[in-house]
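J.: After the structure tokens below, expect a handful of questions from me.
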């Protein structure tokens, strides 16, 4: 009753979804048209491989390194979800390549802890595994890709920018936020982490590709 502002009666019923008419939308196509402007005026190849490094994944690692102003960088190859061969790339294509709502992070870490990170990465435990959650929108996680750091397995020596890592020295590691939530590198949660927002991976990758 409106005048008395009281509920006089109420009822509820369930409506089977199968009885409802299909609602047709054009959001996907409209979005694609909005992102259809070419980014680069020449054909580009972005090769997608999850178990070895390609130029596309190398450039992604390099873009993370540069954006984070880091000493070194670490990503996984499976971040690149879709590849292209000899194609004029648009904003939509870059979105399909890196659809994840993932941000870059800059981590302050000691040389000793960085060695532990490299040990975990060396094992490549997730290379062929399906990954879900933490912002990841791909399927296979893929192998780890190192930028400006590495190791000699036979002698257990670790390097950043060609120089052997010093245990007590502080290094800046550029990587992705999904590594800081505890699953892949648990020790990263305990480090000093700066989340570089609002740019997503695809934003910094686009800048990298258009600058070449």
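J.: When residue 78 is evaluated against the numbered criteria (1) crowded, with 23+ Cβ neighbours inside 10 Å; (2) part of a helix (DSSP H, G or I); (3) in contact with a helix residue (DSSP H, G or I) (Cβ under 6 Å, 6 or more places away or on another chain), which criterion, by number, is the only one it fails?
T.: (3)
J.: While we're here: Would you mind telling me which numbered condition in (1) crowded, with 16+ Cβ neighbours inside 10 Å; (2) farther than 24 Å from residue 194 by Cβ; (3) more than 17 Å from the chain's Cα centre (by Cα) residue 156 fails?
T.: (1)
J.: Would you point out the residue of region 81-139, among those that are on the phi > 0 side of the Ramachandran plot and more than 15 Å from the chain's Cα centre (by Cα), that is surrounded by the fewest Cβ atoms within 10 Å (Cβ to Cβ)?
T.: First, the residues of region 81-139 that are on the phi > 0 side of the Ramachandran plot: 86, 124, 133-135.
Now narrow it down to the ones that are more than 15 Å from the chain's Cα centre (by Cα): 86, 124.
Working: 86: 8, 124: 14.
Top of the filtered list is 86.
J.: Of the residues that make up region 199-208, is at least one at pLDDT 95 or above and in a loop (DSSP other than H, G, I, E, B)? Please lay out each step first, then the result.
T.: Of all residues in region 199-208, those at pLDDT 95 or above come to 199-208.
With the extra rule that they be in a loop (DSSP other than H, G, I, E, B), the set shrinks to 199-200.
Checked against the condition, which is being at pLDDT 95 or above and in a loop (DSSP other than H, G, I, E, B), region 199-208 yields at least one hit.
J.: If I go through region 81-102 residue by residue, how many of them are more than 24 Å from residue 127 (Cα to Cα) and either in contact with a strand residue (DSSP E or B) (Cβ under 7 Å, 6 or more places away or on another chain) or assigned to a loop (DSSP other than H, G, I, E, B) (or both)?
T.: The number of residues fulfilling the criteria is 6.
J.: Considering (1) touching a helix residue (DSSP H, G or I) at 6+ places or on another chain (Cβ under 8 Å); (2) over 26 Å from residue 192 (Cα atoms), say which one residue 86 fails and leave the rest.
T.: (1)
J.: Sticking with this structure for a sec: From (1) within 13 Å of residue 206 (Cα to Cα); (2) touching a strand residue (DSSP E or B) at 6+ places or on another chain (Cβ under 6 Å); (3) modelled with pLDDT of 95 or more, pick out the condition that doesn't hold for residue 76.
T.: (1)
J.: Of the conditions (1) over 13 Å from the mean Cα position of the chain (by Cα); (2) surrounded by fewer than 17 Cβ atoms within 10 Å (Cβ to Cβ); (3) touching a residue at least 24 places away in the same chain (Cβ under 8 Å), residue 199 fails just one. Which one is it?
T.: The number of the failed condition is (1).
The values are calculated or read from the model by the stated rules, or taken from the named source; none is laboratory data. For clarity, every value in this text was computed on a predicted model and none was experimentally measured. FYI the Cβ positions are ideal-geometry reconstructions off the backbone, even for glycines, and counts take in every protein chain you see.
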